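Notes follow the structure.
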Amino acid sequence: MDSLAHLSDGFVATLAPRIVLVMLAAIVGGIVIGTLPGLTSVMAISLMLPIAYSLDPVTGLAMLGAIYSAAIYGGANSAILLNTPGTPSSLATTFDGYPMTLQGRADDALYASLIASVIGGLVGTIILIASFGPLAQISLAFGPPEYFWLAILGLLTIAAMSSGNMVKGIFSGALGMLLATIGLDPSIGLPRFTFGYSPLIEGIGMVPALLGIFSFSQALKLLEDRASYIVEYKPRRRVIRSLVPVFVRRWWLILRSSLIGTGVGVLPGAGGVIASLIAYNEARRWDRDPSRYGKGAIEGLIASESANNAQVSGSLVPMMGLGIPGSANAAIILGALLAFGIQPGVGLLRDSGDVAYAFMASLIVANILMLFVGAVMIRATVRVLLVPSSFISPTIIVFCVIGAYAASYGIYSVVVMAGAGFLAYLLSKADIPLGPMGLGLVLGPVAEQGLGLSLMIGRSADNLLDVFVFRPISIVLILLCAATVATAFILERREKMKTAMGAG
């Protein structure tokens, strides 16, 4: 009963006009920053920290939570319209979002991503409020072996994504993993694959490389294409009304994806990329016609967006319950909590319950506000399709350079971005998919670190299988990996049979 009273007081505090105005401004800024390639949610929250410190705890935390949620959602806009994910967690959104744009369904994709993001954010926040204590304890059950299998599960999405072109997909994913190994070995701390070039000791930064693979290469394609516009755009009316039945029929897909996003977000360091990829893969696995995915299936976009915004609240679970941030964004918010004199952990609700519940209530309010703000901003955002490609391409390149430089404030990151971009452009000319390459780059280090630490643990164990396999969570993840591979082969066989029947 005390919890409900605290939560009610939290809503009253959050709905004060001053705090609502602050959140509205934060949502607008977050969507803009998330939409622009290279300007990540971490950057958005970091830039707002000095302002947050000058405010009272409730207002400051509400502002940071709002900009976090909005920036994660904002990445979907450029992913859908330009095939360039604004944030890494929007990587899976490009798989079906951009094909929908090419099919003249940009409005459907943009509004669907907004609605899915809001629902995912609300579900994740409700779970955060209801059970952040027990969930925080569950996060402690994940060790290096579980993180290894979780990364493998994400990497196996490559097999599902590459139906009909398995060899090229695996090659692309392996190339991404190879690029991720450049730099210092995480186990022994020695440089590898640097070829005597000292800047490579830093490794291949994820943000600059992803900017190059998806944004810079896309700009080069647009420059090469002689078409005046990306696609002929015709505005549609009453899009939200037409999408309501779509979401009602797919309520289980949205709920499942939101639960996956929250669960993965609870795991420190897992992040929105893994959450959205696993949700996307599960949506594809349980669909009656998985072959539609990657060709403009709205279900794939809904799964990705609901998962990555549910991950926002999930990442706050271990931060608030244990003082262990689940993501870089949560780490910044943790710093804000400590600066306000609030100590995360088991005594958070007892010692600072008023602020904690107000912060959680503000996440619900922020997601509801984001629905209206996002709907208004989409009307302006979609007009990028009315801009000639000759103007869009240089703009993308400029933001790629800015985003890459901001990643480390050094020219080396810009070189990495350009190099990855040119490589991705050449691969695309050979019809090699770029999605698997991005997955390998992001998930390769997670798998390697989990493998290395697991082997170290295994040295002191009697049986290595006890460390790697015979752990409850590991067994579940291994079964999911096996199901993913089986699904890919079944789908591959179906495609071949359809092709043979068509030829016959």
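Brief remarks on what is shown
- Restricting attention to the stretch 84-98, the residues that are under 25 Å from S291 (Cβ atoms) and assigned to a loop (DSSP other than H, G, I, E, B) total 3.
Every residue, every condition in (1) touching a Phe, Trp or Tyr at 6+ places or on another chain (Cβ under 7 Å); (2) within 28 Å of Y68 (Cβ to Cβ); (3) not aliphatic (A, V, I, L, M), yes or no:
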{"site": "V355", "(1), (2), (3)": "no, yes, no"}
{"site": "F359", "(1), (2), (3)": "no, yes, yes"}
{"site": "S389", "(1), (2), (3)": "yes, no, yes"}
{"site": "G403", "(1), (2), (3)": "no, yes, yes"}
{"site": "F422", "(1), (2), (3)": "no, no, yes"}
{"site": "A430", "(1), (2), (3)": "no, no, no"}
{"site": "G435", "(1), (2), (3)": "yes, yes, yes"}
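- Checked across the stretch 283-305, the condition of being surrounded by fewer than 24 Cβ atoms within 10 Å (Cβ to Cβ), under 26 Å from L210 (Cβ atoms) and hydrophobic (A, V, I, L, M, F, W, C) holds for at least one residue.
- Taken across the stretch 51-58, residues that are under 15 Å from the mean Cα position of the chain (by Cα), at pLDDT 80 or above and within 25 Å of T87 (Cβ to Cβ) do not occur at all.
One line per residue, one yes/no per condition, for (1) surrounded by 13 or more Cβ atoms within 10 Å (Cβ to Cβ); (2) within 18 Å of G173 (Cβ to Cβ); (3) modelled with pLDDT under 75; (4) out of contact with any strand residue (DSSP E or B) (no Cβ under 9 Å at 6 or more places or on another chain):
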position: G419; (1), (2), (3), (4): yes, no, no, yes
position: L423; (1), (2), (3), (4): yes, yes, no, yes
position: K429; (1), (2), (3), (4): no, no, no, yes
position: G440; (1), (2), (3), (4): yes, yes, no, yes
position: G450; (1), (2), (3), (4): yes, yes, no, yes
position: N463; (1), (2), (3), (4): no, no, yes, yes
position: R494; (1), (2), (3), (4): yes, no, yes, yes
position: M501; (1), (2), (3), (4): no, no, yes, yes
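- Residues in the stretch 374-395 that are surrounded by 16 or more Cβ atoms within 10 Å (Cβ to Cβ) and more than 18 Å from I31 (Cβ to Cβ) were compared, and the one that is farthest from the chain's Cα centre (by Cα) is S389.
- Number of positions in the stretch 37-64 that are hydrophobic (A, V, I, L, M, F, W, C), surrounded by 22 or more Cβ atoms within 10 Å (Cβ to Cβ) and not in a helix (DSSP H, G or I): 1
- Meets criteria (farther than 13 Å from S113 by Cα and either modelled with pLDDT of 85 or more or not in a helix (DSSP H, G or I) (or both)) for L316: no
- L363 vs. criteria within 30 Å of E146 (Cα to Cα), at pLDDT 85 or above and either surrounded by 16 or more Cβ atoms within 10 Å (Cβ to Cβ) or of a type outside the set (A, V, I, L, M, F, W, C) (or both): yes
The values are calculated or read from the model by the stated rules, or taken from the named source; none is laboratory data. This structure is a prediction, so every number in the text was calculated from the model and none was measured. Note: ideal-geometry Cβ built from the backbone for every residue, glycine included; neighbour counts use all protein chains shown.
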